[in-house]
């Protein structure tokens, strides 16, 4: 049973919603989210959606790089 199943809160400063995903905290910081914690960043549904929107172009470039 992981931390998300146990009911950990979102790691973004000022948010108290329940987390649905965990990602690397460095990746969340690069997306512009102000996270607290050291290794993993736990994100609620809204902040995960925001992170995906902000990193869309970088993920697309990475996919292009992998196919060549």
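Computed over the chain with a Gaussian network model linking Cα atoms closer than 10 Å, the most mobile of 19, 41, 31 is 31. Treating r as the C-beta distance of residue 21 and residue 64 and R0 as 30 Å, the FRET efficiency rounds to 0.75. Summary value for the chain: 30 percent relative contact order, contacts being C-alpha pairs under 8 angstrom separated by 6+ residues. What is the helix-to-structure angle for 45-54, meaning the angle in degrees between its Cα long axis and the longest Cα principal axis of the chain, kept from 0 to 90 and rounded to the nearest 10? That works out to roughly 20 degrees.
Angle check, please: helix 56-67 long axis (alpha carbons) against the longest principal axis of the chain (alpha carbons), in degrees 0 to 90, nearest 10. Approximately 50 degrees, to the nearest ten.
Label-to-label distance, residue 54 versus residue 34, with points set 7 angstrom from Cα along the beta-carbon direction: 1.1 nm.
Each value in this text was obtained by applying a stated rule to the coordinates, not by laboratory testing. Please read these numbers as outputs of a predicted model, since none were measured by experiment. Note that we place each Cβ from the backbone using ideal geometry, even for glycine, and neighbour counts take in every protein chain shown.
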